[in-house]
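Working notes for the structure below.
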Amino acid sequence: MTTTHFGFKTVDEHAKAAHVRGVFDAVASRYDVMNDLMSGGLHRLWKRYAITVANPQPGHRVLDIAGGTGDLALAFAPRVLPGGEVVHTDINEAMLREGRNRLLDAGVVLPTVVCDAERLPFPDGHFDIVTVAFGLRNMTHKELALQEMHRVLRAGGKLLVLEFSKVAPPLAKAYDWYTFQVVPRMGRLVAGDEHSYRYLAESIRMHPDQDTLSAMVREAGFGHVDCHNLTAGVVALHVGIKC
Ligand SMILES: C[S@@+](CC[C@H](N)C(=O)[O-])C[C@H]1O[C@@H](n2cnc3c(N)ncnc32)[C@H](O)[C@@H]1O
């Protein structure tokens, strides 16, 4: 049996995706309100920064992986449509349904595809921009997912990985207290689910730090890789260019 981690637990690697599915099935309907509460609205700024760095142009083809409730897809749509393409994808139907409903409420109709980032159902070299926000952390084979992202990008295309990362040491104690003590309680009160938000805190600790992830993006084939620390490393934006 090959094992991997699910938060701090060690699980059979074939079982991890089902555990992750359980988390997002449980939180889908309260996901957006929890994001705003937990981050004090900062996730909106982190995502806006990622969009600015992506620099989408009219006509661009954009793939949003692990797109969940659709924040990035919603922001890309007016910048690249009409003439371009935004494909909103996620492995989890409940999250994707929340996202599709939000997009429809905003008058935005996009292709919505249930798919695993580790096996993307898109041709080689199709997209100008590929994004994954707060999704890579949950994937079982991150290297495979990054290789798939590289495969579907055209030469010169841009990958943006927005993810929790390693916080600057002076903030570490306060950050531990907030993420391990406060966030799970918030999860219990607001989403009726403490465990999923404990998983969030644990999965952040198990995720590769800035330098390790930069090396992984390079290893996946990206010729140029940049890392932008946001909010003292609470989050990092990794940008990979397919050369
Ligand atoms: C924390 S949510 C992020 C949603 C959205 N991108 C955002 O930033 O608000 C993580 C998402 O990753 C998705 N996910 C986890 N593993 C995945 C995989 N292997 N392939 C595609 N999506 C995955 C989950 O279903 C979930 O919707």
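Filtered by the rule that a residue be within 14 Å of the ligand (Cβ to nearest atom) and more than 9 Å from residue 140 (Cα to Cα), the stretch 12-21 gives 15, 18, 19, 20, 21.
Scoring residue 24 on the criteria (1) more than 13 Å from the ligand (Cβ to nearest atom); (2) buried (at least 20 other Cβ atoms within 10 Å of the Cβ) leaves a single failure, condition (1). Residues that are over 17 Å from the mean Cα position of the chain (by Cα), surrounded by 16 or more Cβ atoms within 10 Å (Cβ to Cβ) and among the hydrophobic types (A, V, I, L, M, F, W, C) do occur in the stretch 29-38, at least one of them. If you go through the stretch 99-114 one residue at a time, do you hit one that is buried (at least 18 other Cβ atoms within 10 Å of the Cβ) and touching a residue at least 60 places away in the same chain (Cβ under 8 Å)? No, the stretch 99-114 contains no residue that is buried (at least 18 other Cβ atoms within 10 Å of the Cβ) and touching a residue at least 60 places away in the same chain (Cβ under 8 Å). From 163, 194, 143, grab the single residue that is among the charged types (D, E, K, R), farther than 24 Å from residue 73 by Cβ and in contact (Cβ under 8 Å) with a residue 60 or more places away in the chain. Checking each option against the conditions leaves just 143.
Here, each number is a calculation from the coordinates, and none is a lab measurement. The structure presented is a predicted model; accordingly, all values stated were derived computationally and were not measured. With ideal geometry, Cβ positions are generated from the backbone for all residues, glycine too; neighbour counts draw on all protein chains shown.
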